[in-house]
Amino acid sequence: MTTAVPPGAVGFLVVGSPRSGTTLVQRLACEIPGVRMPPETHFFTSFAIDLLAHHQFPVAGPELTDVVRHVAGDDLSSGLDIDVDAVVAELGGICDRPFDLFQALVRQLAGPAEMWGEKTPNHLVWWRPISEAAPWMRFVAVVRDPRAVVASNLEMPWRTDRTLPPWGDDMHLAFAELWSFFQGQVRRLTHELGPERSLVLRYEDVVTDPDATRRRLARFLGRPADAAPQPAPPGIVLPWESWKASALDPVADDRVDSWHDQLDDRRAREIALICARGMRQFDYTVDPPPGPSAARWLRLGPVRLTRLARYARARRLHLRTVEGLRL
């Protein structure tokens, strides 16, 4: 039996690989009456490790004010209307653990609601410590064809992110490996938490029938599925997040196959090679090129294979660090 959401608690998270359609699903969730979500907080990916390393919880008084002020002043919080005093007051002047600060931030940013949710795609990596800290938490994982995800990421500002390998024209390989890593987490999440706490939505299905997706979300969250939708607040997309703006437009499926025009055949094949397991898991099909699998991998060449192996190892080491934390 799923644990009931405590009063005032954040009840669900929308997660997935970046550019998979999480903002659109966030918008549909916010159209469910009584549900509110803030813009992305990046709380766990950007602040949790530092908070646990530099503060002994519980924190209170001036130290708590400084902690909230630090979060509010970070570049990734730009555009978030974080009221430091209001967050401290939400916590009653004391914060027992980082997860409580996250919930207070969500409530303050989203406003009054019957159920709160949050969407930061990379919080997928944190699903295990989050689910342990909040045994009631539900996860909505959004997946999308990796060729479309990689093509979209190649056009984003973070394509030059320092955490990604500087691969030049081979950057598609890094994004493909990242997609594969994220889908591995989706598989683990759904296997361990089961259908009562995890829901997987394919982007292609969402844009084909957004109304059915909204009803499915409502049922998963324990909300009335047939209630008339409420307007989603435009504030879930911040002014500087220009790449998300279309998620608030009328839903269309014209971008499902746009990767065909963005990727040449070689890059599309290499993405499918790296992502093959996840593609099979989530019903994305591709005709494999002739020859055994090992031969297809060898065509990438030793330098590229070594880079991929190093990048995958770095993801695993980061995951090990995250899974050892207590929120």
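Some notes on this structure:
- Residues of the stretch 12-37 that turn out to be more than 14 Å from the chain's Cα centre (by Cα), under 18 Å from Gly79 (Cβ atoms) and not charged (D, E, K, R), as a count: 1
- First in the stretch 246-261 and touching a residue at least 60 places away in the same chain (Cβ under 8 Å) and of a type in the set (Val, Ile, Thr), second anywhere and surrounded by 15 or more Cβ atoms within 10 Å (Cβ to Cβ) and in a helix (DSSP H, G or I), Cβ under 8 Å, 6 or more apart: Val251/Leu24; Val251/Val206; Val251/Val207; Val251/Pro210; Val256/Ala148; Val256/Tyr203; Val256/Glu204; Val256/Val207
- Among residues of the stretch 71-95 that are more than 17 Å from Phe44 (Cα to Cα), those with a beta-carbon under 8 Å from a residue that is of a type in the set (Lys, Arg) and not in a loop (DSSP other than H, G, I, E, B) at least six positions away or on a different chain give the pairs Val84/Arg69; Glu90/Arg107.
- Whether a residue is farther than 25 Å from Pro239 by Cβ, buried (at least 23 other Cβ atoms within 10 Å of the Cβ), at pLDDT below 95 and within 20 Å of the chain's Cα centre (by Cα) was assessed, and Ala141 does not pass this test.
- Criterion: out of contact with any helix residue (DSSP H, G or I) (no Cβ under 9 Å at 6 or more places or on another chain), in contact (Cβ under 8 Å) with a residue 24 or more places away in the chain and of a type in the set (S, T, N, Q) - qualifying residue of Thr45, Thr2, Thr41: Thr2
- In the stretch 254-270, residue farthest from Trp297 (Cα to Cα) [restricted to those that are charged (D, E, K, R) and exposed (fewer than 14 other Cβ atoms within 10 Å of the Cβ)]: Asp254
- Verdict on Arg216 being without any contact (Cβ under 8 Å) to a residue 24 or more places away in the chain and assigned to a helix (DSSP H, G or I): yes
- Subset of the stretch 42-57 [under 19 Å from the mean Cα position of the chain (by Cα) and surrounded by fewer than 23 Cβ atoms within 10 Å (Cβ to Cβ)]: His42, Thr45, Ser46, Phe47, Ala48, Ile49
- Total residues in the stretch 223-236, condition surrounded by 14 or more Cβ atoms within 10 Å (Cβ to Cβ) and without any contact (Cβ under 8 Å) to a residue 12 or more places away in the chain: 1
- Where helices (runs of 4 or more DSSP H) fall entirely within the stretch 1-82, none has at least 3 residues that are touching a Ser or Thr at 6+ places or on another chain (Cβ under 6 Å).
A quick yes/no check of all residues on (1) surrounded by fewer than 21 Cβ atoms within 10 Å (Cβ to Cβ); (2) over 19 Å from the mean Cα position of the chain (by Cα); (3) modelled with pLDDT of 95 or more:
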{"position": "Arg97", "(1), (2), (3)": "yes, yes, yes"}
{"position": "Leu105", "(1), (2), (3)": "no, no, yes"}
{"position": "Leu109", "(1), (2), (3)": "no, no, yes"}
{"position": "Glu132", "(1), (2), (3)": "yes, no, yes"}
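- Subset of the stretch 1-38 (residues that are touching a strand residue (DSSP E or B) at 6+ places or on another chain (Cβ under 9 Å) and basic (Lys, Arg)): Arg36
- Test: residue in the stretch 154-169 that is in a helix (DSSP H, G or I), in contact with a helix residue (DSSP H, G or I) (Cβ under 7 Å, 6 or more places away or on another chain) and among the aliphatic types (A, V, I, L, M): no
- Selection within the stretch 191-216 - surrounded by fewer than 18 Cβ atoms within 10 Å (Cβ to Cβ) and of a type in the set (S, T, N, Q): Thr208
- Among the residues making up the stretch 216-230, those that are out of contact with any helix residue (DSSP H, G or I) (no Cβ under 7 Å at 6 or more places or on another chain) and closer than 17 Å to Thr23 by Cα are Arg216, Ala218, Gln230.
- Residue check: Leu273 meets all listed conditions (1) surrounded by 13 or more Cβ atoms within 10 Å (Cβ to Cβ); (2) at pLDDT 90 or above; (3) in contact with a Pro (Cβ under 9 Å, 6 or more places away or on another chain) but one, namely (2).
- Glu132 being among the acidic types (Asp, Glu) and either at positive phi or not in a helix (DSSP H, G or I) (or both): no
- Residue identified as more than 30 Å from Val35 (Cα to Cα) and not hydrophobic (A, V, I, L, M, F, W, C) among Arg255, Arg299: Arg299
The values are calculated or read from the model by the stated rules, or taken from the named source; none is laboratory data. Because the structure is predicted, anything quoted here is derived from the model rather than measured. Glycine also receives a Cβ, built like all others from the backbone with ideal geometry; neighbour counts cover every protein chain displayed.
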